[in-house]
1. Do we have any residue at all in segment A:105-114 that's among the basic types (K, R) and more than 9 Å from every other protein chain (Cβ to nearest Cβ)?
2. If we scan segment B:246-268, do we find a residue that is surrounded by fewer than 22 Cβ atoms within 10 Å (Cβ to Cβ), within 14 Å of another protein chain (Cβ to nearest Cβ) and on the phi > 0 side of the Ramachandran plot?
3. Out of the residues in segment B:217-245 meeting the condition of being facing chain A (nearest Cβ under 7 Å) and under 21 Å from the mean Cα position of the chain (by Cα), tell me which one is surrounded by the most Cβ atoms within 10 Å (Cβ to Cβ).
4. Scanning for something within 30 Å of A:N157 (Cβ to Cβ) and touching a Lys or Arg at 6+ places or on another chain (Cβ under 8 Å), does segment B:138-160 turn up at least one residue?
5. Is it the case that B:D356 is of a type outside the set (V, I, T) and surrounded by fewer than 23 Cβ atoms within 10 Å (Cβ to Cβ)?
6. Go through segment B:383-406 and report how many residues are in contact (Cβ under 8 Å) with a residue 60 or more places away in the chain and either closer than 17 Å to B:R154 by Cα or in a loop (DSSP other than H, G, I, E, B) (or both).
7. How many residues are on the phi < 0 side of the Ramachandran plot and touching a helix residue (DSSP H, G or I) at 6+ places or on another chain (Cβ under 9 Å) if we restrict to segment B:217-245?
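The values are calculated or read from the model by the stated rules, or taken from the named source; none is laboratory data. Keep in mind the model is a prediction, meaning the values are calculated, not measured. Counting neighbours? That spans all protein chains shown, and the Cβs are built from the backbone with ideal geometry, glycine included.
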Amino acid sequence: MKNIVMSSVVAAVLLFSGCSDKDPKVEDNSGAAQAVAAAPVATSVPSSRSESVSSAAVESESEMIARLQKELATINFDFDKFNINAANQPKVPANAEVLKTKASKFSTKLEGNCDEWGSDEYNIALGLKRANEVKKALSAEGVNADKITMVSYGESNPVCTEKTKECWAQNRRVDFKLLP
Amino acid sequence: MKIFLSLLFAVSLLLSSDATIEVVKKVDSLPSLAVEDSSATYDDTFKVKFFKTLVSDLNVLSIFNVDKNYRLINYDASSVAVENKDMNYVLRYRLLKDASGAFGVEMKVISKNSVVLTKEYKVNNTKIFMFVAHSMAYDINSFMGEAPVEWMKRRVIFSKMTSPQKSQIVISDYTLSYQHTIVAGGFNVFPKWANKEQSAFYYTSFDEQKPTLKYIDISTGKSKVIKSSDGMMICSDVNDDGSKLLLTMAPTGQPDVFLYDVKSKNAKKLTDYGGIDVNGQFMDNGNIAFVSDRLGYPNIFKLNSNSGAVEQAVHYGKNNSACSTYKNYIVYKARETSELFSNNTFNLHLISTETDFIRRLTAVGVNEFPKFSIDGDAIIFIKNYQGQSSIGIIRINHNKNFLFPLESGKVQSIDW
């Protein structure tokens, strides 16, 4: 029994010590390199974020994306709802126009988000239903649905972290991201 | 009369084996246990730290009335400390350190002036001393003839948000006193152990163009992509032998539950309702529990994967949005309030699909992500209350809850 106990604990140790220097490669940003300082992980920065301006006159793709994204209004939602309310309806044709013209060479990623009441799968699904409503509305406005992808972050991507109703309202939203 | 008595007996037997019935035990009726330290090595701070960890574990066992006083005594002393002479049990231990830095513990349990149990433990690193304390408590629980507390020695895996779109996946012990960040940087959530041995895990990465399910083998550190889906991709449950997964995917924008075969890599769609179907959980007899809004509000349903028949599993509450299963038991999260302008309460409830009883397991705060232990003995969950994120343990058959606060960040999801 003693041996079993010891070997099982030792196995745990081996696992732990084994994983400490083999953290999975993290593909994202430079902050990751600091976070896994113990692990010699090569961290690459996506080219779209690292491009520098070579000439003031030429706009890079990432700059163009950043500029156009500002023209795409975030669509907000009512508490526990995923239909687009009257106040937010006018944003759909305006955004569709940008996507069909100035941003036509890019794909669109719709990011659904929720307020802070729950990080479980259902909340993620609610965020997705919001994104899907926006996708359907954009499609009805003539945007190519094949160029739209969706994701839902649930409550994990708040723009406001205060515990007020105004703040929660801001977080119930669908953001537009352009992809090269 | 005989028939009546035997019927009564049968009913009481049924009730006693049903975890949805609350068990109320008086603390006074539990045997007393004191803990004595005989360590000559290590500094006082560490010695007290180990003592507190061990006492905490013994309390979580819920089978002793544990004395919290720290007492030092010679390991070979023939009698227990004077203050402990009336105790039913005395646990005496000494911490040991060898030249290589390995951490060891010798322990004996004394009852009625006799040594009734001795054990030795050794690990190669002092940093994981808490796993030794957990093992000691586990062995004492076994010695007392109680149902195994396998989960006490197992590891917990959880994701915590560090900032918007930034998270870490962390492996810890059940008390969070040991923590090892295994995936840092990026936006990675919903970790789920891939097998009983806890040698690998799945998680959802939001860093790709589409949500992507990835797999990491802990012993080799190698990562591989399992599958991507537009909209949603979450591993909700892994079956007993790790060969089948229940995934939530939304390839056309509709979240549905899929059965994924690890070997053949085939995904079979199990639900086809036009609304939300998520959070599939394996049950006994080919049944699968899941969360759906098919009645206009989130609730727990049961799918017979052989016949395809779906039935409502929970008949209480109008907002039940998460569940976990063990055999025929379902623990679910219920929204108790629907306040738009103030904090809301979410409680966990336990039901059996074979009885009509409902047992409320928590009282205040936002309680979510319930997950049964591998042996069904306990439920782990996340509690967010007054700005503090904690991991909670519910000892179902002992009617006790324990909370272990997270120092920073907010727990996003958990598995053990």
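1. Yes, segment A:105-114 has at least one match.
2. Scanning segment B:246-268, I find at least one residue that is surrounded by fewer than 22 Cβ atoms within 10 Å (Cβ to Cβ), within 14 Å of another protein chain (Cβ to nearest Cβ) and on the phi > 0 side of the Ramachandran plot, so the answer is yes.
3. For segment B:217-245, the residue satisfying everything is B:I234.
4. Taking segment B:138-160 as the starting set, the residues that turn out to be within 30 Å of A:N157 (Cβ to Cβ) are B:155-160.
Add one more test, that the residue is touching a Lys or Arg at 6+ places or on another chain (Cβ under 8 Å), and what stays is B:157, B:160.
Checked segment B:138-160: at least one residue is within 30 Å of A:N157 (Cβ to Cβ) and touching a Lys or Arg at 6+ places or on another chain (Cβ under 8 Å).
5. Here the answer is yes, as B:D356 does meet what is asked.
6. Residues that pass the stated criteria total 7.
7. Here the count works out to 6.
To keep it simple, each residue is scored yes or no on (1) surrounded by fewer than 17 Cβ atoms within 10 Å (Cβ to Cβ); (2) under 25 Å from A:N123 (Cβ atoms); (3) modelled with pLDDT under 95.
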site	(1), (2), (3)
B:S142	yes, no, no
B:K153	no, no, yes
B:Y178	no, no, yes
B:D207	no, yes, yes
